[in-house]
Amino acid sequence: MTSTTRKLLLLGAATATLAQAASADILKGVVTDATGEAPLQGAIVTIEELGRSASSDRFGEYRFTSIPAGDYTLSISYVGADTVTDSVNVSGDATYDIVMGGDVRYLDNVLVVGSAAAQAGAINQQRASNSIINVIDSDGLGNFPDTTVADSLSRVPGLSIENDQGEGRYVSIRGINTDLISATINGVRTPSPEDRRGVLLDGVPSDLLDGIEVQKSLTPDVDADTIGGVINLKTISAFDRDGQFVRAKLEGSYNELTEKVSPKATLTYSNVFGDKLGVAASFNYQDLSIQADNNETGGWGFNKDVGAFVPDDDYEMRWYDLTRERVGLVFNVDFKATENTELYLRTLYNRYKDDEVRNKFEVRKLDEEDPTITDTGFTFDFAQADAEVRQREEIRNIQTYSLGGKTFAGNWTFDYEVSYAYAEEDDSNNHDVTFRSKKLTGDDIIVWDNSDPKKPKLSGTGYDFLRDPSNYKMDAFEREYTTNEDTEWSYKLDLSNDTVLGDTPVTWKMGVKVRDREKVRDVNLNIYERDDVLLTDYITDDSRISNWRLANPMYRWPSASLTKALRGTFTPDELDEDGSNFDSLSEDYTIDEMIIAGYGMGTFQMQNLTVVAGARVEATDVSAKGNIFVEEDDPANVGTRQYDDNYAHFLPSLNLKYAFADNLVGRAAYYASIVRPAFGEMRPTIALNTDRDEAELGNPALDPYEANNFDLSIEYYPTKLSVLSAGLFYKDISNPIFEATYDIDQLPDSIDLSFLDATTLASLEEVKTYINGGSATVKGIEFNYVQQLDFLGDAWEGLLVSGNLTLADSETEVQDEDDAALTREVPMLKQNDRVWNVAIGYDKGPWDIRVSANYRSAYLDELFGAGIDRYTDDHMSVEASAKYDVNDHLQVYVEGKNLTDEPEYYYHGSKSRLSQYDEYGSRYVFGVRYTY
């Protein structure tokens, strides 16, 4: 038995000795709306004489144990409904069901319908939680034109998103990088199809979900591998509602750039059979057309001869024409095997296919000669150009399956689960062909007009020369067959016991969890060269893109449909073996990661104060294997590097909740957490480039991020359906990870190259890898306001407003790019310092109307050097929706997304230096929903 295992067992045994069984009675029941069909989550049930409270779960169920027999007064509080008070007699096992609210229409599992329902559900779940959370209730997922989960999360306080082709892809919590937060589906850790830990959330359709919870302060029973927080996606259960439920949605969306209508359909069904068996399923299909107009540079550098920052190497224009097909399926089963045992099966399958054609026109080698600086830009007298087309079908799929249950045995509750999660990214159906021009000769020049840095305009005789397709021959034809796979098996057991210490009710809880994960990256690239292929043979008549929005004309040449015929026509003699082998063998790795965790905690109810205190221990065992490959070497000589490591962390946490009054709640929290290095950072691969005498390698010896996280907040519920809250947060982070480049004589001792032979070591001049920095801090403040305005009078009935604001600041030190012995201070990567959202809605009678604006400030995206680091510019999107209930079952709606046609802009150090600029256009949705 290892020392770590002994520590986990001792922790569990110590917690168990504190759990004192009490032979008293049990009170349980269900809280529903007036119909009795819709369970209400987050209702607070209080036994007045004992001062004990419990909150209802997603099925509306509440439970008290260790209750002395007798008569009691129950009060039940739910924001959005009048408080209910009643008497109950407890003797043995007593059941008391609670109905709240007046007679309302039952449409979608809500006390009230529409936007008000979404606010009520979210507010009550947040109020009842013993940790700091934000919630998007089931109905709230349909209030806006959200294609993906990331889009939905952009309106949660403190959350912002990174866009890809106009859709939300990665999510940031309080500005914390995606790789430093975690995502789960029904509590099961979501794997990543990329070589990182951050999870793409653009593949999972929001229509498959029943709600989203963002947990910002951790309790010991939650996996501790996050700094920003945990995003939990909840899928449907048949017991979320009573009896049969059917919902069908059919919609089309029109994009002004593609000028196409994209279909989307969702079908949801659930039913309860004999009050014991619940079956729920949801199917979603979408075929979304997207067009993006893009231009970008390879970077900027300081030219010493002309005394200015100038474009570094290249300028590109890109036209993307793609279709994203999403297929999602949820199938869940709940079975009440006995009065005290509930079993479940939760499954989610999601397939995302990105079918893309990308044409690129790249003016390159701009840095070969010194440019002339003009009043409006630059003049270049040396350049070359590439005309390239890529046709790619990227398929990603994410699957999660969990089988588990819960058993009640008197004061004890046993939770158990086994789960399997799998993610894959497959880039096997593609080709990429590049035609290269002749170089400029004579007096030809290219004039770069930078009057509008987002859309530079090129002109001149040299530019005319490069726009002539007769000057191009094929340079390379590439086929890629790359897969990333991420697999995790997980096993957990949680035990909890309700007891009373003196007059203080306590819930003791302990548990163990094992996570067994494998990450595999397999890169295969074939590069072919053929001299006699002319660009003019691969151009169609409609090659000029007519609705192109940027400053210079863009062409659809070479043609993807014509160049596809070149697949399979190349001979082995035309294969660039050295280039193919280097790109294929230098990135392959397999990483196995085993995490064994144990925890113990207690939840103490002391009148108005609730305390959740405990600790978690996580022991990590890593085994990594990757390739060592030297450029131009024989593949038979590929070496391998094996690296094994293990470490353990003790992670305490404390959450406090104090009710100053019925409508005023204060919270304070502390938790310790870790985030293990990204797989791409810790990979044990080494690529040795003999031309430049440099090595690029991962660093499996990296330490994980370690963080101490502090929160303080206050929540005020002034009227029937409202909340006003403010919170402070502070994060002290050790071992942040950054990319770094060293001359070989400045290489720190923490970078181990001893496994290389002496000849290879002697030839190296430069090493590019990843290192741990010293420390970093993130601090900030959050505000949130949600209000239904009917308290102002009848004229305001139906109006709802909400708004949130997060202000944050971060700092850390990174290696100076010019001198590895020096450091410079920068913000944390991806850290927003301002995020806000405002929304106004009208929800009365058959109408439900919402308008929303989301804003995030600029942030540091990538390190290049002082003055030329890449930043993502600030971004604001405006969305709106209008729904009309034809009757109790049929609803029609229209929606608008990116109504202000907001582009994405990235720049190097200054907004006058283009890195990347994208336009996607506005999108309009029209649809119909039928619920029965």
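Just so it is clear, none of the values below were taken in a lab; they were calculated from the coordinates. For clarity, every value in this text was computed on a predicted model and none was experimentally measured. Every residue, glycine among them, receives a Cβ derived from its backbone with ideal geometry; neighbour counts consider all protein chains shown.
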In nanometres, the difference between 0.36 nm per residue of separation and the alpha-carbon distance of ASN89 and LEU753 is 231.7 nm
Quick note, region 136-291: a/c under 1.5 would make it rounded; otherwise a/b > b/c is prolate and the rest oblate (a ≥ b ≥ c, C-alpha gyration tensor); here it is oblate
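Using the count of nearby Cβ atoms within 10 Å as a rough guide to exposure, how do LYS844, LYS454 rank from fewest to most? The partial results should precede the final answer.
Working: LYS844 15, LYS454 20.
Lowest count first: LYS844, LYS454.
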Rounded to the nearest 0.05, FRET efficiency between PHE273 and ARG351 (Cβ-Cβ, R0 22 Å) equals 0.15
In cubic angstrom per residue, the convex hull of region 744-854 built on its Cα atoms measures 170
For region 638-745 the trypsin sites (Lys or Arg not before Pro) that pass both the DSSP coil test and the at-most-12 other-Cβ-within-10 Å test are ARG692
Full extension between LYS365 and ASP888 adds, at 0.36 nm per residue less the Cα distance, a length in nm of 181.8 nm
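If I take R0 = 41 Å and measure r between the Cβ atoms of THR338 and THR487 in this structure, what FRET efficiency does the formula 1/(1 + (r/R0)^6) give, to the nearest 0.05?
0.75
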Any DSSP H helix in the chain with Cα axial reach of 15 Å or more and mean Kyte-Doolittle score of at least 0.0? Listed by number, the hits are 3-18
Fewest-first ordering of ILE67, ILE840 by Cβ atoms within 10 Å yields ILE840, ILE67
Cα-based Debye curve of the chain sampled at q = 0.06 Å⁻¹ gives log₁₀ I(q)/I(0) of -0.46
Here FRET efficiency (C-beta to C-beta, SER912 to THR590, R₀ 45 Å, nearest 0.05) is 0.50
Note: probe point = Cα of THR719 + 7 Å toward Cβ; backbone nitrogen < 20 Å; residues of region 64-85 passing the test are 78-83
The residues ASP531, ASP486, ASP223, sorted from fewest to most surrounding Cβ atoms within 10 Å, come out as ASP531, ASP223, ASP486
Taking alpha-carbon centroids only, region 693-770 lies from region 177-247 a number of Å equal to 24
Reduced to Cα centres, the span from region 609-645 to region 381-450 in Å works out to 22
Amide H proximity to PHE64 below 5 Å, modelled H, separation 5+ or other chain, gives LEU27, LYS28
Note, PRO704: beta-carbon cut-off 9 Å, +1 each Lys/Arg, -1 each Asp/Glu, net -2
Scoring only Lys, Arg, Asp and Glu (+1, +1, -1, -1) among other residues with Cβ under 12 Å from the Cβ of TYR842 yields -1
Note on region 714-770: contact order normalised by length, alpha-carbon pairs under 8 Å, 6 or more apart, percent, works out to 34
Between the modelled labels at LYS260 and GLU813 (7 Å from Cα along Cα→Cβ) the distance in nm is 5.3
Interchain or sequence-distant (5+) residues whose placed amide H lies within less than 5 Å of the amide H of ALA43 are SER56
Note to self: C-alpha centroids of region 55-100 and region 522-546 sit apart, in Å, by 71
Between the modelled labels at GLU574 and SER459 (7 Å from Cα along Cα→Cβ) the distance in nm is 4.1
Once normalised by the length of the chain, the mean sequence separation of its alpha carbon contacts under 8 Å that are 6 or more apart gives a contact order in percent of 11
